[in-house]
Amino acid sequence: MVYLRPSRVVLLGLSLSASSVLGGSIQKNDLSLPADAQTNRDRVKNIFTTSYNAYKDHAFGHDDYTPISKSFTDSRNGWGASIIDAMSTMWVMDLTDDLNEAIDFASKIDFSKSNTQDNVSVFESTIRYIGGLLSTYELTGKKNQALVDKAKQLADKLSQAWVGNSDIPYGHIDFTTNSPARDSSNIAEAGTLTMEWWALSKYTNDQKYTQLAEKSARQPVIDISCMLTGLPGQGIDPSTGNPVGGYVTWGGGSDSYFEYLIKYPRLTNTDDDFWTDMWSTAVDSSIKTLLSVSDVGNHLYLADYDSSRRIRHVGSHLACFYGGNWIMGGKLTNNETIVNYGLELVEGCWNTYSSTATGIGPESFAWKSSGPDGDYTGGSTPSAAQEAFYAQHGFYPTSSFYILRPEVLESNFYAWRATGDTKYLDRAAQAISSFEKYLKVDEGFAGLTNVDDNSANATKVDDMESFWFAEVLKYLYLTFDDPSHVSLDEYVFNTEAHPFQAPSAKEKYGTGVTPSSAPQQPEQSSTPTVSDVGPAATTSPMPSSLGLGGLGIRDAVKLFRKDLW
């Protein structure tokens, strides 16, 4: 095993500048909304109030509402996850009465014990409960001290997940015995604590929370067998800090680790370049290795990489946050090449929505690309129906359900705020219509078992999890809201879409990465191994969309792939 700090890595897809670059603003200046924005904003607000009123009537105080059976589940230890997750959205939508009721409820939660027999997830409790409590504390003028006190009570219990000298916490704790479940974890669980625990340190004046979260996020190492610089494997052993397997993905189990590498330095304005450089290295390695263009429809996706060192042509709704993340990070580092790749990835993920009968995307999907192993997914051979779907749409669903996930609409929101292109507003409006038509039930909104079934008797999923309130409806609402309200240049969203106030941007983030001035072809015919990468390594930059005889990003990716083969 070898751990390489980004400062020792030659970036493969981008050129490394010796001088600093100015950090860019994320939002486009002078964004203007069309006349129908108010109508669409009101439609989203109505979906929220309809959903939340149904939750209040049948499940208040519990974690999740089951809209078909009109009952509840307690998937997050019975502390009222939907209430805490909804609070920052209530503030955004100016739902004062509901917000005051929610704050009163939150101030009385006893986080010293679980209300269920389940172990407590450090990751889920951090992003939903601690994130929701501290974000609401900020948004409401920092006057509800009980919200900080409750976040501290929970974090103090969760801190027992760090055992001995281990830098990484175990993923779950038994709150009855105050002992962790000693099992393996993943880099998302290890690396998605920094924003929330830093905010807790800020409001308690106790740096131990930041120290715990930072050492956990710094620890993921690179499995030398993977050869993907800056892209640690998904699994990790908290007892040693070593990788478990070599599976690389921007999807579940890894996703928010990469997300926070760029969000944390923006929130804190830290002088430590580690975070931004690690993110830039991960993006660069992904551009070189994981970007993939479907051989039908020319859609750009981000593939996975398995322990057999093969590209898996698979994607997921969860992973579709990457478009918005690359747009944000590219803007922040003043790197339009990354921004353009992010925008193209947004297009690919939106294709998974626009291609289905309901206009809503599936949980997971696959595609084919030209070249060696172009149809490899690591799973079953596609059925005749999947082949037919692929021939028409350039991807095929591998899991067709939708459980009210936000990521595609999240990235669509970033694309709108960064470009001002009204096509992103049109897409958000289409999503609202699909939700109203296909998700609405008697009391509330439910997921779908098959997004390509638009029949009247299509089967629905009896669950309305808390991120419906925290993420989906917040991102949709803000897409049609005044862009100066919760500006991306003034707030940073945690992975549960709870906004945290950010200071004015620094002049630069990271050591300074800029797009290539002229496209070049790689000198090597294969990806360099980890041992090849270091101060003396020489690699050529990835072709950018600026040049190549007018070729766009997707054609450039295919040309680069062909050269590697």
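Where a number appears in this text, it was derived from the coordinates with a stated rule and is not lab data. Predicted, not measured: the structure shown is a model, and the values here were computed from it. Using ideal geometry, Cβ is built from the backbone for each residue, glycine included, and neighbour counts are taken over all protein chains shown.
Values for this structure:
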| item | result |
| --- | --- |
| Tensor-based shape of the range 365-520 (alpha-carbon gyration tensor, a/c under 1.5 rounded, otherwise prolate or oblate) | oblate |
| Neighbour count of at most 12 Cβ within 10 Å plus DSSP loop: longest GluC sites (Glu not before Pro)-free window in the chain | 1-506 |
| Point-charge dipole on Cβ atoms (K/R +1, D/E -1) for the range 177-250, about Cα centre, debye to 20 | 160 |
| Residue-span extension gain [Ser159 to Gln430] - 0.36 nm each, minus C-alpha spacing | 93.2 nm |
| Estimated FRET transfer efficiency (Val244, Ser383; beta-carbon r; R0 30 Å; 0.05) | 0.40 |
| Anchor Lys437: lysines whose Cα lies under 18 Å away (excluding residues fewer than 8 positions away in-chain) | Lys45, Lys460 |
| Gln145/Lys70 FRET efficiency (R0 41 Å; Cβ-Cβ; nearest 0.05) | 0.70 |
| Cα gyration tensor shape of the range 289-443, rounded if a/c is under 1.5, else prolate or oblate by comparing a/b with b/c | oblate |
| Projected label distance in nm at Ser504 and Lys440, using a 7 Å step from Cα toward the beta-carbon | 4.7 |
| Which of Arg76, Arg41 has the fewest Cβ neighbours within 10 Å, and the rest in rising order | Arg41, Arg76 |
| Packing-based ranking, highest mean first, of 298-307, 171-180 given that Cβ atoms within 10 Å are counted | 298-307, 171-180 |
| Read-out volume of the Cα convex hull per residue in Å³, derived from the coordinates shown; its label in (i) 143; (ii) 162; (iii) 248 | (i) |
| Sorted by Cβ neighbour density within 10 Å, fewest at the top, the residues Ile236, Ile327 | Ile327, Ile236 |
| Residues Ser25 and Thr49, FRET efficiency given R0 of 25 Å [Cβ-Cβ distance, rounded to 0.05] | 0.15 |
